[in-house]
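The values are calculated or read from the model by the stated rules, or taken from the named source; none is laboratory data. None of these values were measured; they are calculated from a predicted model. Every residue, glycine among them, receives a Cβ derived from its backbone with ideal geometry; neighbour counts consider all protein chains shown.
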Amino acid sequence: MRFKKGYRLRSLGQEFILIAEGLEAVDFSRMISMNESAAFLWKEVEGMDFDAEMLATLLVDNYGVARETAQNDVAALLESWSAAGLIEDEK
């Protein structure tokens, strides 16, 4: 999977906001808030293909969490990103 084009991650103080660029940018419902770890994952894989296991490994390596915790967190994150229309499956 990979992120759909047209989104830019911006930091706002200690928070991170994902903003649709271009014509979609006028729709403020397309602004998505992310915590630090979600923003870290976005930055690490932006512009490349990724999968859940890659994201879990990034969390384990960067934050030192247990693999099972990382996998559960990634599953929830991918579900929310998919529901928001941010990711597309490999073709």
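Every test in (1) touching a residue at least 24 places away in the same chain (Cβ under 8 Å); (2) over 23 Å from residue 10 (Cα atoms); (3) not aliphatic (A, V, I, L, M) is passed by residue 73 save one, and that test is (2). Within region 56-91, can you find the residues that are under 19 Å from residue 17 (Cα atoms) and of a type in the set (A, V, I, L, M)? Within region 56-91, 74, 76, 77, 78, 83, 84, 86, 87 meet the criteria. If the condition is being of a type in the set (A, V, I, L, M) and either modelled with pLDDT of 95 or more or exposed (fewer than 12 other Cβ atoms within 10 Å of the Cβ) (or both), then region 79-91 contributes only 83. Selection of first residues in region 46-60 that are charged (D, E, K, R) and of second residues that are assigned to a helix (DSSP H, G or I), restricted to Cβ pairs under 9 Å at least 6 apart or on distinct chains, gives the following pairs, ordered by first then second residue: 53/71; 53/74. Counting only residues that are modelled with pLDDT under 95 and assigned to a helix (DSSP H, G or I), how many does region 46-75 have? Result for region 46-75: 0.
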